[in-house]
Amino acid sequence: MERAGAYGFSAAMSGSFLLSCLLFAVINRRQRGPYMDEAFHVPQAQAYCHGRFLQWDPMITTLPGLYLVSVGVVKPVAWLFGWTGSVVCSAGMLRFINLLFSAGNLYLLYLLLFKIHQKNKAVSGFQRILSALTLAMFPTLYFFTFLYYTDPGSVFFTLFAYLMCLYGNHKASALLGFCGFMFRQTNIVWTVFCAGNVVAEKLNESWKTELQKKRDEKVSFRKGSFSDFLRILQFLIKYLISPKNIITLTALTWPYILLVAVFVGFVFINGGIVVGDRSSHEACLHFPQLFYFLSFTVFFSFPYLLTPAKIRKFLQSLRKHPLQYSVIAIISLFLIWKFTYVHKYLLADNRHYTFYVWRRVFQRHELVKYLLVPVYIFAGWSFADTLKSKSIFWILMYCVCLLAVTVPQKLLEFRYFILPFLIYRLNIPVPSLYRQLLELAFYIVVNAVTLYVFLNRTFQWPNSDEIQRFMW
């Protein structure tokens, strides 16, 4: 890191942390007690604080990573400063752990951007700092910086594992992936993603050698021709049936394979992926979740996904390949028809924004979910178009992980989209300075509105005296 860049990033990180601390103080003063899922997380962490490690709330569905880290941080700090009584492991103290994770996420995002785009000399240090700051303020993630939820810590360990993977330290990456898994079980998918990065790199090297031998041109994923697809499929089969290649890949990815084996053992012993209350977290093939994620991505990336140039390019592609898009539309309609699920929480809990999205958009008419197919197709095309700089094997690997982390989820929950969005955003070309500033301004406005609504637009349910607040 150059000295000017280091000073610039230090200033950005200090300013961001100071702002977060001020917001944290305001939120913690207005909402002192546990709220929403904190009602389960805070008492569980407090039980660990008092040494009751065998006590477990059956309503909690994640592993105890958050509580173990919290105790590991809070207890030594409390001993160092001589804190005793209720202040130790209070809701405010526990929430502060996520403020630390948030600062760590900003640093990791900067390091990842530096590593992924280091060959692009056109990207300035200022643009990397701006991108890292913007992604750290990604609204769905930033909001939970101020509450005691698993998201900031889950993101921290997953991004850290990805960074170690990119630097070739796969043992450390797998260990950090285990920490991420302890925060949220579905993070095992991003361990597979890290292993997939290694496999994709090897496949890409062999593919280039294959093309060079045949003195052929590089196949472009953008062309999307069927013959190109068959050639790549044939190459994959040929590569993966070779014992020599399998041994090479196993030697490179064994730490990840070991972690996946641990995960399989956990699922077998536990009788499923969910800990605790399984009745509300049943896996299913909810394919429209992919469409929701693509729409979510376009909304939060509109400065570079929803531009006049993009729309014109999409319409040209539509005119050029009407048959392909017709087939995609038919498949999408079928998936929506047969695989749309509505979770009871989505219909019952009016504290979440997804409740209003579903009620005011999808429940207006039975046909609305089908009429949105053109929007989904554009979102999918725009999403894929921004990834064209990546190798075909990286794209295939990412898409498999994206499907694995979104489709089995029955509940429409924006928090589930945080990690796939961040990894996508890290790997697309760095946008122009103007678009970056527009994106940052948009995130600041969204954060300001959501925090204002959370603090000031409170309400009460008829059968409860508790103050309710709107949130992601």
Exercise. Beta carbons within 10 angstrom, averaged per residue: use that to sort the peptides 263-270, 158-165, 287-294, highest first.
Key: 158-165, 287-294, 263-270
Quiz item: How would Glu201, Glu38 rank on accessible area, largest to smallest, probe 1.4 Å?
Solution: Glu201, Glu38
Quiz prompt | Count of lysine pairs in region 282-431 with Cα separation under 15 Å (8 or more residues apart, or interchain) | solution = 5
Self-check item: Local net charge near Thr134, Cβ-Cβ under 10 Å (Lys/Arg +1, Asp/Glu -1)
Solution: 0
Quiz item: Lys171 accessible area, nearest 10 Å², 1.4 Å probe?
Solution: 140
Exercise. Excluding Ser102 itself, calculate the net charge of residues whose Cβ lies under 13 Å from the Cβ of Ser102, where each Lys or Arg counts +1 and each Asp or Glu counts -1.
Key: 0
Quiz item: Using a 1.4 Å probe, what is the accessible area per residue for the chain, in Å²?
Solution: 49
Exercise. Compare Lys390, Lys344 by solvent-accessible area with a 1.4 Å probe and give them largest first, with all protein chains kept in place.
Key: Lys344, Lys390
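What order, most packed first, do the peptides 9-17, 117-125 have when packing is the mean number of other Cβ atoms within 10 Å of each residue?
Most protected by this proxy first, the peptides run 9-17, 117-125.
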Quiz item: What is the local net charge at Asn427, summed over the other residues whose Cβ is closer than 15 Å to its Cβ (Lys, Arg +1; Asp, Glu -1)?
Solution: +4
Practice problem: Provide Phe81, Phe442 ordered by accessible surface of protein heavy atoms (probe 1.4 Å), highest first. | Solution: Phe81, Phe442
Quiz item: How big is region 282-431 on each of its three principal axes, counting only the C-alpha atoms and giving the largest first in Å?
Solution: 42, 31, 26
Self-check item: Estimated vicinal HN-Hα couplings, Hz - region 149-162 in sequence order (Karplus 6.51, -1.76, 1.60; Gly, Pro = x)
Solution: 10, 7, 4, x, x, 4, 5, 4, 5, 5, 5, 5, 4, 5
Quiz item: In the chain, what percent of the accessible surface is made up of carbon and sulfur (1.4 Å probe, ligands and nucleic acids excluded)?
Solution: 67
Practice problem: Run through every distinct alpha carbon pair of the chain and return the Kirkwood hydrodynamic radius in angstroms, one decimal place. | Solution: 24.1
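The values are calculated or read from the model by the stated rules, or taken from the named source; none is laboratory data. Because the structure is a prediction, the values reported are computed rather than measured. Here the Cβ is made from the backbone with ideal geometry for all residues, glycine too, and neighbour counts use every protein chain on show. Side chains included, ligands, DNA and RNA excluded: accessible areas come from the protein's heavy atoms. Shrake-Rupley method; radii C 1.70, N 1.55, O 1.52, S 1.80 Å.
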